Amino acid sequence: MALVLRFLNGAYIFRHCPKPYASCPYLGTRFADYCSSSLQKPVAASGRTSSQRKSEGDLQGHHQREVALDIASPEEKPEVSFDKAIKDEIKDHFRRLKDDIVNHWIGPEGRPLHEVLMEQAKVVWQFRGKEDLDKWVVTSDKSIGGRSEVFLKMGKNNQSALLYGTLSSEVPKDGESGRSGYCAMISRIPRGPFEKKRAYDWSQFNTLYLRVRGDGRPWMVNIREDTDIIQRKNQMYSYFMFTRGGPYWQEVKIPFSKFFFSNQGRIRDAQYQLLLDKISSIGFTLADKVDGPFFLEIDFIGVFTDPAHTEEFAYENSPELNPRLFK
């Protein structure tokens, strides 16, 4: 009877031992006694162990909460809906179309007609932030294999635009290009609702007005007009702008009557007058064949009416040169 009780007591303790050792059937009663003695630990030690486990569990839970805050669940994917993007784009275009219709009833550019007619000067482009730089693009002969570089950034205190770079007249060794060495800054064509091209109306002004600061290099001011469905990018009206150099700003005034007509960089014999109500863009080109660094700082570009200037067109025409003007 005592042997049976001893066997049952050993089996009970054996069941409460750790599983790696309990899976071995060849362990005797001495191991059972060791397990029973190891299970009977002091109360203080068990309290310390339980508090330590509790603190470790709290730290682990806190760490898991931080990870959950930092890392999104894989199941929570961002919603990307092309249908919603298209609908929002269409709504935006219709909103802009509604604003254009309302502004048309109010007057030109949404202002009363008498204010527009009495206006003597107007700032078209000014540079006071990055959104003003986004209205312009820069290009150079690098697009055809040249080595000129041009960059555009905001000037000091975000009060001007700084166009700078390096001009190189080295001809690309591609066997096709015969000349190189230019850098340019061109305004983007304004767009209306549904990407319809717009045009600037400067018909009530007669002079281009700029406030610039350069390094003494001559620049070419180019104006493009938009009269066809497809923009004629090789045809433009140009005139020279000479910078003085030095730290001082200069105000440049160029009458529109001075701009001459050119096609693919060549001055045409038949000259046409610039249509001031169909202006699409304006640009600045440097191509003086002087290799080296350059810069041009621009404060603003505007137009104004000079009452002292009465000239309508500065270039001579004849029926032989331009028969369309003498029909």
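The values are calculated or read from the model by the stated rules, or taken from the named source; none is laboratory data. Fair warning: this is a prediction, and the values are worked out from it, not measured in the lab. Positions of Cβ are generated from backbone atoms using ideal geometry, with glycine treated the same way; all protein chains shown enter the neighbour counts. With ligands, DNA and RNA removed, areas are computed over all heavy atoms of the protein, side chains included. Shrake-Rupley method; radii C 1.70, N 1.55, O 1.52, S 1.80 Å.
Results, tabulated for the structure shown:
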quantity: Positions within segment 286-298 being surrounded by 19 or more Cβ atoms within 10 Å (Cβ to Cβ) and either of a type outside the set (A, V, I, L, M) or part of a loop (DSSP other than H, G, I, E, B) (or both), in sequence order; calculated: Ala287, Phe294, Glu297
quantity: Within segment 64-170, strands (runs of 3 or more DSSP E) holding 2 or more residues that are in contact with a Cys (Cβ under 9 Å, 6 or more places away or on another chain) and modelled with pLDDT of 90 or more; calculated: 136-140, 149-154, 161-167
quantity: Residue within segment 176-187 that is over 13 Å from Phe294 (Cβ atoms) and touching a strand residue (DSSP E or B) at 6+ places or on another chain (Cβ under 9 Å) present; calculated: yes
quantity: Only listed residue being under 20 Å from Asp306 (Cα atoms), open to solvent by 80 Å² or more (accessible area, probe 1.4 Å) and of a type in the set (D, E, K, R), chosen from Asp201, Asp269; calculated: Asp201
quantity: Test: residue in segment 181-193 that is open to solvent by 50 Å² or more (accessible area, probe 1.4 Å), aromatic (Phe, Trp, Tyr) and within 25 Å of Leu296 (Cβ to Cβ); calculated: yes
quantity: Scan of segment 250-266 for residues that are within 24 Å of Val138 (Cβ to Cβ) and surrounded by 15 or more Cβ atoms within 10 Å (Cβ to Cβ), ordered by number; calculated: Gln250, Val252, Ile254, Phe259, Ser262
quantity: Conditions (1) under 26 Å from Ser160 (Cα atoms); (2) touching a residue at least 40 places away in the same chain (Cβ under 8 Å); (3) outside any strand (DSSP E or B); number of the one not met by Gly245; calculated: (2)
